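The values are calculated or read from the model by the stated rules, or taken from the named source; none is laboratory data. These numbers were taken from a predicted model, which means no experiment stands behind them. Cβ: placed from backbone, ideal geometry, glycine included. Neighbour counts: every protein chain shown.
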Amino acid sequence: MIDSFNFPLYFPSQKQLKAIIERNGSYNIERMETLDNPGKHTLTSAKARALFYRAVFDKLLINHFGCEIIDEVFDRYTQKLEASPAVLSPDNDKTILIFAILKRI
């Protein structure tokens, strides 16, 4: 079952996101800017980080694997994060947020 699960994450640049929105044709971009805040909003607790990702991906994982293993998956993820404190360090956070105000056409 794991071999049938493909979970690609793609993080477009501001230029790429703008092109995607324009190609869609449903919105005008009123304003768009990049907010470069490395480390400012890092979840430095392994448990908090695991809960964040669980809130985001829980339904997708349950739909594919079933609800029986989800607690174990996120418990293991928490343990992996605790074993790698560098992952939780604000100094290693390279997150870039793209803020966009869109107006439906």
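Tell me, please, whether a residue that is among the hydroxyl-bearing types (Ser, Thr, Tyr) and in contact with a helix residue (DSSP H, G or I) (Cβ under 8 Å, 6 or more places away or on another chain) can be found in the range 49-58. Taking every residue of the range 49-58 in turn, at least one turns out to be among the hydroxyl-bearing types (Ser, Thr, Tyr) and in contact with a helix residue (DSSP H, G or I) (Cβ under 8 Å, 6 or more places away or on another chain).
Can you confirm whether the range 60-78 contains a residue that is assigned by TED's automatic domain parsing to the domain that holds Leu97 and of a type in the set (Ser, Thr, Tyr)? Show your work before the answer.
The initial filter retains those residues of the range 60-78 that are assigned by TED's automatic domain parsing to the domain that holds Leu97, namely none.
No, the range 60-78 contains no residue that is assigned by TED's automatic domain parsing to the domain that holds Leu97 and of a type in the set (Ser, Thr, Tyr).
Are any of the residues in the range 75-94 under 19 Å from the mean Cα position of the chain (by Cα), assigned to a helix (DSSP H, G or I) and among the small types (Gly, Ala, Ser)? Yes - at least one qualifying residue is present in the range 75-94.
Within the range 6-60, restricting attention to residues that are of a type in the set (Phe, Trp, Tyr) and within 25 Å of Ser84 (Cα to Cα), the residue that is nearest to the chain's Cα centre (by Cα) is Tyr53. Evaluating Asn63 against the criteria (1) touching a residue at least 60 places away in the same chain (Cβ under 8 Å); (2) of a type in the set (S, T, N, Q); (3) closer than 29 Å to Asn6 by Cβ leaves one unmet condition, (1).
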